[in-house]
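Nothing in this text is a laboratory measurement; each read-out follows from the coordinates by a stated rule. These numbers come from a predicted model, not from an experiment. Here the Cβ is made from the backbone with ideal geometry for all residues, glycine too, and neighbour counts use every protein chain on show.
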Amino acid sequence: MTRDPKELADRAADVSLSPPEQLGKGFFDYQRYKVGLPTGAQVRDVLRAGKVIAVLPLDVARGEVVMIRQFRPAAHLANGKGETVEIVAGRVEAGEALAEAARRECQEEIGVAPGALVELFSYLPTPGLTDEEVTLFVASVDASRVPERTHPTEGEYISVLRVPIEAALAALSKGAMRNGPLVLALHWLALNRGRVADILRA
């Protein structure tokens, strides 16, 4: 039993990993590892997805959050609701800093670059399946400059949504949106709404 709060943290594991066995290669690598644990050997398959950023774009003066809507085949397969509401997100390119990726993705997906940009936290969405690690940012934007549609370089077709913060939080409370970065970002916003302006000015 852990009694010391300082021990409540992720830590390095006492394991050994074999070289990866390539199971498949598409947009990502799918690899198999033999893992040596104190309890014995195991086999684990991992989708190597890497670093991702997500950005919650806010227009504090107008009381709006900027979101996007696009088709996701995996969401369609999961629950039949493939047109998901999301926030800005994307892969971090080789050699690119997280903040640089966040600014680039804002420009590509919602058509405006952020003013202030503040890193909030990082998390692993599905560590039992993939090494994908998402870093969430909050950004200040001028929502009046946001176009209705954008066409990012990957060929995605994205609708851009300007939504009052109250409406976004109401939809969150109804469980109407299931995109992970969006859900976490809006929960953060609900907890920190009273000090968002100060956070973006810091």
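Determine if the range 50-70 includes at least one residue that is more than 20 Å from Val160 (Cβ to Cβ) and charged (D, E, K, R). Yes, that holds for at least one residue. The condition (being surrounded by fewer than 11 Cβ atoms within 10 Å (Cβ to Cβ), among the hydrophobic types (A, V, I, L, M, F, W, C) and under 16 Å from the mean Cα position of the chain (by Cα)) is satisfied by just one residue among Ala74, Ala9, Ala41: Ala74. Taking residues in the range 114-137 that are more than 30 Å from Gln31 (Cα to Cα), and partners anywhere that are of a type in the set (Phe, Trp, Tyr) and not in a strand (DSSP E or B), the pairs with Cβ atoms closer than 8 Å and at least 6 places apart or on different chains are Leu120/Trp188. Return the total of residues in the range 1-50 being without any contact (Cβ under 8 Å) to a residue 40 or more places away in the chain, part of a loop (DSSP other than H, G, I, E, B) and of a type in the set (A, V, I, L, M). Adding up the residues that qualify gives 6. If we keep just the residues of the range 22-38 that are surrounded by 13 or more Cβ atoms within 10 Å (Cβ to Cβ) and not polar (S, T, N, Q), which is nearest to Leu200 (Cα to Cα)? Out of the qualifying residues, it is Phe28. On the stretch given as the range 104-151, residues that are crowded, with 16+ Cβ neighbours inside 10 Å, hydroxyl-bearing (Ser, Thr, Tyr) and part of a loop (DSSP other than H, G, I, E, B) total 0.
Yes/no matrix, rows are residues, columns are (1) more than 30 Å from Leu117 (Cβ to Cβ); (2) basic (Lys, Arg):
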{"residue": "Asp10", "(1), (2)": "no, no"}
{"residue": "Ala13", "(1), (2)": "yes, no"}
{"residue": "Ser18", "(1), (2)": "yes, no"}
{"residue": "Gly26", "(1), (2)": "yes, no"}
{"residue": "Arg32", "(1), (2)": "yes, yes"}
{"residue": "Leu47", "(1), (2)": "no, no"}
{"residue": "Arg62", "(1), (2)": "no, yes"}
{"residue": "Val65", "(1), (2)": "no, no"}
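Every residue in the range 80-98 that is surrounded by fewer than 17 Cβ atoms within 10 Å (Cβ to Cβ) and either under 12 Å from the mean Cα position of the chain (by Cα) or of a type in the set (A, V, I, L, M, F, W, C) (or both), please. Show your work before the answer.
Just the residues of the range 80-98 that are surrounded by fewer than 17 Cβ atoms within 10 Å (Cβ to Cβ), to begin with: 80-83, 93-98.
If the condition is that a residue be surrounded by fewer than 17 Cβ atoms within 10 Å (Cβ to Cβ) and either under 12 Å from the mean Cα position of the chain (by Cα) or of a type in the set (A, V, I, L, M, F, W, C) (or both), then Ala94, Ala97, Leu98 are the ones that fit.
Do we have Gly111 as in contact (Cβ under 8 Å) with a residue 12 or more places away in the chain and on the phi > 0 side of the Ramachandran plot here? So Gly111 passes the test.
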